[in-house]
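First comes the structure, then the notes that go with it.
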Amino acid sequence: MNHIKNRFLFVKRSIPKNIKILAVSKNQNVSSIEKLYKIGHRDFGENYVQEMVKKYQKLPKDIRWHMIGRIQSNKLKDIVPFIDLIHSVQKFEHIQIINKIALKHNRVVNCLLQIKICNEKNKSGITYQQANNILEDKRYKNMKNVKIIGLMGIASFQKPIQKIRYEFDFLNKIYNDYKNKYKHCSILSMGMSRDYPIAIEYGTTLIRLGTFLFGNRKKNKTI
(Lines give C-alpha, C1' and ligand atoms only; values in the text may rest on other atoms or scores of the structure.)
Protein backbone atom coordinates (compact mmCIF):
# COMPACT_ATOMS: atom_id res chain seq x y z
CA MET A 1 0.00 0.00 0.00
CA ASN A 2 2.99 2.33 0.27
CA HIS A 3 2.80 2.90 -3.47
CA ILE A 4 -0.47 4.81 -2.97
CA LYS A 5 1.15 7.20 -0.54
CA ASN A 6 4.29 7.55 -2.68
CA ARG A 7 2.39 8.28 -5.87
CA PHE A 8 0.20 10.83 -4.16
CA LEU A 9 3.20 12.64 -2.66
CA PHE A 10 4.95 12.57 -6.05
CA VAL A 11 2.01 14.28 -7.76
CA LYS A 12 1.55 16.76 -4.93
CA ARG A 13 5.19 17.82 -5.12
CA SER A 14 5.15 18.10 -8.92
CA ILE A 15 2.03 20.22 -9.49
CA PRO A 16 1.31 23.88 -8.70
CA LYS A 17 0.01 24.45 -5.19
CA ASN A 18 -3.22 26.00 -6.43
CA ILE A 19 -4.32 22.73 -8.07
CA LYS A 20 -6.38 20.35 -5.95
CA ILE A 21 -6.01 16.57 -6.21
CA LEU A 22 -9.19 14.50 -6.12
CA ALA A 23 -8.43 10.86 -5.30
CA VAL A 24 -10.93 8.81 -7.29
CA SER A 25 -11.67 5.90 -4.98
CA LYS A 26 -14.24 4.07 -7.10
CA ASN A 27 -13.98 0.30 -6.48
CA GLN A 28 -11.27 0.85 -3.86
CA ASN A 29 -11.67 -0.41 -0.33
CA VAL A 30 -11.71 1.60 2.89
CA SER A 31 -8.14 0.59 3.71
CA SER A 32 -6.84 2.20 0.50
CA ILE A 33 -8.66 5.44 1.28
CA GLU A 34 -7.31 5.44 4.83
CA LYS A 35 -3.74 5.38 3.48
CA LEU A 36 -4.26 8.83 2.00
CA TYR A 37 -6.44 10.07 4.84
CA LYS A 38 -3.65 9.36 7.34
CA ILE A 39 -1.26 11.68 5.50
CA GLY A 40 -3.80 14.48 5.46
CA HIS A 41 -5.73 14.05 2.21
CA ARG A 42 -9.47 14.72 2.47
CA ASP A 43 -10.94 14.85 -1.07
CA PHE A 44 -12.25 11.59 -2.53
CA GLY A 45 -14.42 11.00 -5.60
CA GLU A 46 -16.94 8.27 -6.33
CA ASN A 47 -18.98 7.28 -9.39
CA TYR A 48 -21.78 5.37 -7.70
CA VAL A 49 -24.10 6.55 -4.95
CA GLN A 50 -24.45 3.24 -3.14
CA GLU A 51 -20.68 2.77 -2.91
CA MET A 52 -20.16 6.34 -1.72
CA VAL A 53 -22.80 6.05 1.00
CA LYS A 54 -21.24 2.85 2.37
CA LYS A 55 -17.82 4.49 2.54
CA TYR A 56 -19.24 7.66 4.07
CA GLN A 57 -20.76 5.57 6.85
CA LYS A 58 -17.47 3.80 7.59
CA LEU A 59 -14.94 6.61 7.26
CA PRO A 60 -14.23 9.85 9.19
CA LYS A 61 -16.78 12.58 8.66
CA ASP A 62 -14.30 15.29 7.74
CA ILE A 63 -13.72 13.64 4.36
CA ARG A 64 -14.95 15.79 1.47
CA TRP A 65 -16.88 13.53 -0.88
CA HIS A 66 -17.20 14.35 -4.59
CA MET A 67 -19.74 12.81 -6.95
CA ILE A 68 -18.18 12.44 -10.41
CA GLY A 69 -20.46 9.82 -11.95
CA ARG A 70 -23.75 10.06 -13.79
CA ILE A 71 -26.55 11.52 -11.66
CA GLN A 72 -29.75 9.62 -11.00
CA SER A 73 -32.66 11.73 -9.77
CA ASN A 74 -33.98 9.16 -7.32
CA LYS A 75 -30.60 8.75 -5.60
CA LEU A 76 -29.77 12.39 -5.00
CA LYS A 77 -31.56 12.23 -1.65
CA ASP A 78 -28.89 9.80 -0.43
CA ILE A 79 -25.89 12.07 -1.06
CA VAL A 80 -27.15 15.65 -0.83
CA PRO A 81 -27.11 15.57 3.01
CA PHE A 82 -23.31 15.16 3.07
CA ILE A 83 -21.82 15.67 -0.41
CA ASP A 84 -19.16 18.37 -0.80
CA LEU A 85 -19.19 18.79 -4.58
CA ILE A 86 -21.18 17.27 -7.45
CA HIS A 87 -19.11 17.42 -10.66
CA SER A 88 -21.53 15.95 -13.16
CA VAL A 89 -24.65 18.15 -13.33
CA GLN A 90 -26.20 18.21 -16.80
CA LYS A 91 -29.92 18.78 -16.25
CA PHE A 92 -31.84 21.70 -14.82
CA GLU A 93 -34.18 19.15 -13.24
CA HIS A 94 -31.30 17.83 -11.13
CA ILE A 95 -30.43 21.33 -9.93
CA GLN A 96 -34.02 21.76 -8.79
CA ILE A 97 -33.98 18.45 -6.92
CA ILE A 98 -30.63 19.21 -5.27
CA ASN A 99 -31.88 22.62 -4.14
CA LYS A 100 -35.07 21.15 -2.69
CA ILE A 101 -33.28 18.41 -0.74
CA ALA A 102 -30.51 20.73 0.44
CA LEU A 103 -33.12 23.14 1.78
CA LYS A 104 -34.53 20.38 3.98
CA HIS A 105 -31.06 19.76 5.39
CA ASN A 106 -30.26 23.46 5.82
CA ARG A 107 -27.16 23.40 3.63
CA VAL A 108 -25.86 24.71 0.32
CA VAL A 109 -24.61 22.12 -2.17
CA ASN A 110 -21.90 23.13 -4.63
CA CYS A 111 -22.06 21.77 -8.19
CA LEU A 112 -20.17 21.82 -11.47
CA LEU A 113 -21.73 21.69 -14.92
CA GLN A 114 -20.30 18.88 -17.03
CA ILE A 115 -19.44 20.14 -20.51
CA LYS A 116 -19.06 17.73 -23.43
CA ILE A 117 -15.66 18.46 -24.95
CA CYS A 118 -15.11 15.34 -27.08
CA ASN A 119 -17.18 13.34 -29.55
CA GLU A 120 -16.79 9.89 -27.98
CA LYS A 121 -20.19 8.28 -27.47
CA ASN A 122 -19.50 7.18 -23.90
CA LYS A 123 -18.58 10.71 -22.79
CA SER A 124 -21.55 12.77 -21.68
CA GLY A 125 -22.02 16.47 -21.06
CA ILE A 126 -23.87 19.55 -22.20
CA THR A 127 -23.05 22.30 -24.67
CA TYR A 128 -21.86 25.81 -23.94
CA GLN A 129 -25.31 27.13 -24.82
CA GLN A 130 -27.11 24.65 -22.57
CA ALA A 131 -24.83 25.57 -19.69
CA ASN A 132 -25.42 29.24 -20.34
CA ASN A 133 -29.18 28.67 -20.35
CA ILE A 134 -28.96 27.08 -16.89
CA LEU A 135 -26.84 29.86 -15.43
CA GLU A 136 -29.12 32.55 -16.85
CA ASP A 137 -32.35 30.86 -15.81
CA LYS A 138 -34.25 33.06 -13.35
CA ARG A 139 -35.35 30.01 -11.41
CA TYR A 140 -31.73 29.05 -10.76
CA LYS A 141 -30.84 32.61 -9.79
CA ASN A 142 -33.54 32.48 -7.12
CA MET A 143 -32.32 29.20 -5.61
CA LYS A 144 -30.61 29.53 -2.23
CA ASN A 145 -29.42 25.98 -1.53
CA VAL A 146 -27.52 25.03 -4.68
CA LYS A 147 -24.58 26.85 -6.19
CA ILE A 148 -22.81 26.24 -9.52
CA ILE A 149 -19.16 27.02 -8.91
CA GLY A 150 -17.46 25.79 -12.07
CA LEU A 151 -17.16 23.30 -14.91
CA MET A 152 -16.04 19.72 -15.46
CA GLY A 153 -15.01 17.95 -18.65
CA ILE A 154 -13.55 14.63 -19.83
CA ALA A 155 -11.17 14.59 -22.78
CA SER A 156 -10.89 11.95 -25.48
CA PHE A 157 -9.38 8.65 -24.43
CA GLN A 158 -7.62 8.23 -27.74
CA LYS A 159 -4.59 10.01 -29.05
CA PRO A 160 -3.31 12.19 -30.73
CA ILE A 161 -2.33 14.39 -27.86
CA GLN A 162 -3.07 17.44 -29.98
CA LYS A 163 -6.75 16.49 -29.89
CA ILE A 164 -6.69 16.38 -26.09
CA ARG A 165 -4.96 19.74 -26.03
CA TYR A 166 -7.68 21.20 -28.24
CA GLU A 167 -10.41 19.84 -25.94
CA PHE A 168 -8.82 21.17 -22.77
CA ASP A 169 -8.16 24.53 -24.40
CA PHE A 170 -11.82 24.68 -25.47
CA LEU A 171 -13.05 24.00 -21.94
CA ASN A 172 -10.59 26.46 -20.44
CA LYS A 173 -11.92 29.23 -22.69
CA ILE A 174 -15.49 28.50 -21.61
CA TYR A 175 -14.40 28.47 -17.97
CA ASN A 176 -12.63 31.82 -18.25
CA ASP A 177 -15.69 33.30 -19.93
CA TYR A 178 -17.93 32.11 -17.10
CA LYS A 179 -15.42 33.18 -14.46
CA ASN A 180 -15.66 36.73 -15.76
CA LYS A 181 -19.47 36.62 -15.72
CA TYR A 182 -20.28 34.75 -12.52
CA LYS A 183 -18.61 35.45 -9.19
CA HIS A 184 -18.99 31.89 -7.87
CA CYS A 185 -17.18 30.25 -10.80
CA SER A 186 -13.84 29.13 -9.36
CA ILE A 187 -13.31 25.43 -10.20
CA LEU A 188 -12.24 23.83 -13.47
CA SER A 189 -12.26 20.06 -13.02
CA MET A 190 -10.35 18.50 -15.89
CA GLY A 191 -7.51 16.03 -16.17
CA MET A 192 -7.33 12.38 -15.14
CA SER A 193 -4.57 9.83 -14.59
CA ARG A 194 -3.79 9.55 -18.31
CA ASP A 195 -3.81 13.25 -19.19
CA TYR A 196 -3.49 15.41 -16.07
CA PRO A 197 -0.11 16.96 -17.08
CA ILE A 198 -1.79 18.34 -20.23
CA ALA A 199 -4.76 19.61 -18.21
CA ILE A 200 -2.34 21.51 -15.98
CA GLU A 201 -0.97 23.28 -19.05
CA TYR A 202 -4.50 24.46 -19.85
CA GLY A 203 -5.47 25.87 -16.50
CA THR A 204 -7.18 23.09 -14.57
CA THR A 205 -7.76 23.80 -10.88
CA LEU A 206 -8.68 20.20 -9.94
CA ILE A 207 -7.34 16.90 -11.28
CA ARG A 208 -9.11 13.56 -10.79
CA LEU A 209 -6.64 10.71 -10.18
CA GLY A 210 -7.74 7.12 -9.74
CA THR A 211 -5.61 4.56 -11.59
CA PHE A 212 -2.43 6.60 -11.12
CA LEU A 213 -2.83 6.53 -7.32
CA PHE A 214 -4.51 3.21 -6.63
CA GLY A 215 -3.61 1.05 -9.63
CA ASN A 216 -6.13 -0.67 -11.88
CA ARG A 217 -9.61 -0.87 -10.41
CA LYS A 218 -11.02 -4.22 -9.38
CA LYS A 219 -14.75 -4.70 -9.57
CA ASN A 220 -16.63 -6.14 -6.61
CA LYS A 221 -13.76 -5.34 -4.29
CA THR A 222 -14.75 -5.48 -0.63
CA ILE A 223 -15.51 -2.04 0.80
Just one of 106, 145, 122 is out of contact with any Asp or Glu (no Cβ under 9 Å at 6 or more places or on another chain), surrounded by 15 or more Cβ atoms within 10 Å (Cβ to Cβ), farther than 30 Å from residue 38 by Cβ and of a type in the set (S, T, N, Q); which is it?
-> 145
For segment 65-96, what are the residues that are more than 17 Å from the chain's Cα centre (by Cα) and within 13 Å of residue 140 (Cβ to Cβ)?
-> 92, 93, 96
Working only within segment 155-190, note down all residues that are closer than 15 Å to residue 120 by Cα, in contact with a Lys or Arg (Cβ under 9 Å, 6 or more places away or on another chain) and surrounded by fewer than 20 Cβ atoms within 10 Å (Cβ to Cβ).
-> 156, 157
Any idea how many residues of segment 54-96 are under 17 Å from residue 131 (Cα atoms), of a type in the set (A, V, I, L, M, F, W, C) and free of Cβ contacts under 8 Å to residues at least 40 places away in the same chain?
-> 2
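Of the residues 129, 90, 96, which single one is surrounded by fewer than 21 Cβ atoms within 10 Å (Cβ to Cβ) and touching a strand residue (DSSP E or B) at 6+ places or on another chain (Cβ under 7 Å)? Spell out the reasoning first.
On the way: 129 fails: touching a strand residue (DSSP E or B) at 6+ places or on another chain (Cβ under 7 Å); 96 fails: touching a strand residue (DSSP E or B) at 6+ places or on another chain (Cβ under 7 Å).
None of the others qualify; the one that does is 90.
Across segment 160-215, what is the total count of residues that are on the phi > 0 side of the Ramachandran plot and either free of Cβ contacts under 8 Å to residues at least 40 places away in the same chain or among the charged types (D, E, K, R) (or both)?
So the first thing to find is which residues in segment 160-215 are on the phi > 0 side of the Ramachandran plot, and the list is 191, 203, 215.
The next check asks that each one be either free of Cβ contacts under 8 Å to residues at least 40 places away in the same chain or among the charged types (D, E, K, R) (or both); those that pass are 191, 203.
Number of matching residues: 2.
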Within segment 135-223, which helices (runs of 4 or more DSSP H) (wholly inside it) include 2 or more residues that are of a type outside the set (D, E, K, R) and either at pLDDT 95 or above or under 20 Å from residue 66 (Cα atoms) (or both)?
-> 161-181, 196-201, 211-214
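In segment 23-49, how many are free of Cβ contacts under 8 Å to residues at least 24 places away in the same chain, surrounded by fewer than 19 Cβ atoms within 10 Å (Cβ to Cβ) and either over 20 Å from residue 212 (Cα atoms) or not hydroxyl-bearing (Ser, Thr, Tyr) (or both)? Working first, answer last.
So in segment 23-49, the residues free of Cβ contacts under 8 Å to residues at least 24 places away in the same chain come out as 38, 40, 42, 44, 46-48.
From what's left, surrounded by fewer than 19 Cβ atoms within 10 Å (Cβ to Cβ): 38, 40, 42, 47-48.
From the residues that got through so far, the ones that are either over 20 Å from residue 212 (Cα atoms) or not hydroxyl-bearing (Ser, Thr, Tyr) (or both) too are 38, 40, 42, 47.
Residues flagged as free of Cβ contacts under 8 Å to residues at least 24 places away in the same chain, surrounded by fewer than 19 Cβ atoms within 10 Å (Cβ to Cβ) and either over 20 Å from residue 212 (Cα atoms) or not hydroxyl-bearing (Ser, Thr, Tyr) (or both) within segment 23-49 amount to 4.
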Give the residue, chosen from 119, 106, 99, that is at pLDDT below 95 and over 15 Å from the mean Cα position of the chain (by Cα).
-> 119
Could you give me the residue pairs with C-beta distances under 9 Å whose first residue belongs to segment 102-117 and is more than 19 Å from residue 82 (Cα to Cα), whose second residue is acidic (Asp, Glu) and outside any loop (DSSP other than H, G, I, E, B) wherever it lies, and which are 6+ apart or on separate chains?
-> 117/167
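The values are calculated or read from the model by the stated rules, or taken from the named source; none is laboratory data. This one's a predicted model, so the numbers in the text were calculated from it and none came from an experiment. We place every Cβ from the backbone using ideal geometry, glycine too, and count neighbours over all the protein chains shown.
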